[in-house]
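Notes follow once the structure below has been shown.
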Amino acid sequence: MTGLALSHSPLFEAVLQLADDHLILGHRVSEWCGHAPMLEEDLGLANMALDLLGQSRALYAYSAEIEGAGRSEDDLAFLRLERQYQNCLLVERPNGDFAHSILRQLYFAAFMHPFWQGVSANSADDTLRGIAGKAEKEMAYHVRHCGEWVVRLGDGTDESAGRIKAAVEALHHYTDELFQGSAAMAACAKDGVLPEAESLRPAWTATITDVFAQGLLEVPEVAYPQTGGRIGEHTEEMGHILAELQYMQRTYPNLQW
Amino acid sequence: MPSTATTDNLDTARAWAAAAAVPDPEVPCVTVADLGILRDVAIEDGVAVAYVTPTYSGCPAVLAIEMAVEAALLDAGFEARIERVMSPAWTTDWITPEGCEKLRAYGIAPPVRGSSSKMALFGETAINCPRCGSADTQKVSEFGSTACKAHYTCKACAEPFDYFKCI
């Protein structure tokens, strides 16, 4: 598999970056299946993972169509090298405990919800408007569900409050990357296809501030934002995810389900 | 001898009827037409083309539905093709009133209308128990046994039930 050629259109790259965010987070959340602290949450987490994987499928299928080079959604999802994945770092962070996973989901969903709302209302691209029409509503469920948990954990016992505070400390400095977007996303924003990432910061901050206030948590200042995913510079954990995700296709090339 | 246009119309109606009768694989009490996911069936160059819209992004039944619709058209004697339509996005508002009634009779509370309203999305409207009709119900979990359902309990008759999520 060759590298992503520079001649790819910004639309292809931006849709692929979104697809990567959703696949990697969907995979992460799916790791909870069978391990959640209670049955309802096992169902909830598996359902949220399914939403993300479904959204990633639609995005990969569309990027394959834009590329028009004969690669399928599966080729894009399973047969690239680590440096070719351009997801943000937040989504590849390990699950940690339940508080970590729920907070990571809230951070991501609180960004994607207004993002898809913007696409659904204003995008010049029909296919993306179609994907966004459902994704914005699905993300609203994630924001609500995870937001309720963050409040409950923060305003719960010393143990639960300590865990959610540790999660905030571990994850908050990965959130800035959401608003930095990428060159491809900026080009798409200029074309009226995607919202400008930075423009979503007030909506995201309002959600997080509101949830944190109810959960008796402080929103920390980020002195050193962690970034690099959009140019393929990942954390150590990314390779481990791909080892699991790509195992079947690497061991049995072209295996069909 | 009917004109070609009439034959086409008859064929289109017959193809629509064949495709529309396909049941949903996970909720077999309703058909693809009840759910509003069969957008159109047209005869194009002698091929019956069914335009189908996927439901929830994570619904694993999308492929099964497309295959079932294609098979139904083949069974009815048509050459068939499926076209997936992404935009405009499907919403639970497209489920027909008959479809909602079938869901209720099957024991699944149908989605609240007006999916784009915040009230409906955030479950602040009353969900009636499909068994006794009481509005005194309680959400157990936002997420249920499939991507399309949430889990509720009726406080009046104690029936646990699924609510078809509004999107």
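Side notes on the structure shown:
- Taken over the range B:147-165, the criterion of being part of a loop (DSSP other than H, G, I, E, B) and surrounded by fewer than 23 Cβ atoms within 10 Å (Cβ to Cβ) is satisfied by B:155, B:156, B:157, B:158, B:159.
- Qualifying residue in the range B:154-164 (condition: at pLDDT 85 or above and closer than 30 Å to residue A:123 by Cα): yes
- Pair list, Cβ < 7 Å and 6+ apart or interchain, from the range B:156-167 residues that are within 14 Å of chain A (Cβ to nearest Cβ) to residues that are at pLDDT below 90 and part of a strand (DSSP E or B): B:162/B:149; B:162/B:151; B:163/B:149; B:163/B:150; B:164/B:149; B:165/B:149; B:165/B:150
- Candidates B:41, B:27, B:47, B:32: the one that is away from chain A (no Cβ under 13 Å), more than 27 Å from residue A:136 (Cβ to Cβ) and surrounded by 14 or more Cβ atoms within 10 Å (Cβ to Cβ) is B:41.
- For the range B:136-146, a residue qualifies if it is crowded, with 22+ Cβ neighbours inside 10 Å and of a type in the set (Ser, Thr, Tyr), and exactly one does: B:137.
- Taken together, B:100, B:132 contain a single residue that is in contact with a Phe, Trp or Tyr (Cβ under 9 Å, 6 or more places away or on another chain) and either at pLDDT 85 or above or farther than 27 Å from residue A:33 by Cβ (or both), which is B:100.
- Each residue in the range A:21-44 was checked for being acidic (Asp, Glu) and in contact (Cβ under 8 Å) with a residue 24 or more places away in the chain, and 3 pass.
- Test: residue A:181 is crowded, with 20+ Cβ neighbours inside 10 Å and modelled with pLDDT under 95: yes
- For residue A:75, the test of being within 14 Å of another protein chain (Cβ to nearest Cβ) and surrounded by fewer than 22 Cβ atoms within 10 Å (Cβ to Cβ) is failed.
- Any hit, the range A:87-97, residues being within 11 Å of chain B (Cβ to nearest Cβ), over 16 Å from residue A:168 (Cβ atoms) and surrounded by 22 or more Cβ atoms within 10 Å (Cβ to Cβ): no
- Of all the residues in the range A:38-72, those that are part of a loop (DSSP other than H, G, I, E, B) and within 13 Å of chain B (Cβ to nearest Cβ) number 1.
- Condition check for residue B:120: among the aliphatic types (A, V, I, L, M), modelled with pLDDT under 95 and assigned to a loop (DSSP other than H, G, I, E, B): no
- The listed residue being assigned to a helix (DSSP H, G or I) and more than 14 Å from chain B (Cβ to nearest Cβ), out of A:128, A:194, A:153: A:153
- A single entry from A:207, A:227 fulfils the requirement of being closer than 26 Å to residue A:166 by Cβ, in a helix (DSSP H, G or I), touching a residue at least 24 places away in the same chain (Cβ under 8 Å) and hydroxyl-bearing (Ser, Thr, Tyr): A:207.
- Sub-6 Å Cβ pairs linking a first residue in the range A:150-172 that is under 16 Å from residue A:101 (Cβ atoms) to a second residue that is hydroxyl-bearing (Ser, Thr, Tyr) and not in a loop (DSSP other than H, G, I, E, B), at least 6 apart or interchain, are A:153/A:160, ordered by first then second residue.
- Considering (1) within 19 Å of residue B:58 (Cα to Cα); (2) at pLDDT 95 or above, the lone condition that residue A:88 does not fulfil carries the number (1).
The values are calculated or read from the model by the stated rules, or taken from the named source; none is laboratory data. Just so you know, these numbers come straight off a predicted model, no measurement behind them. Ideal geometry is used to build each Cβ from the backbone, glycine not excepted, and the neighbour counts take in all protein chains shown.
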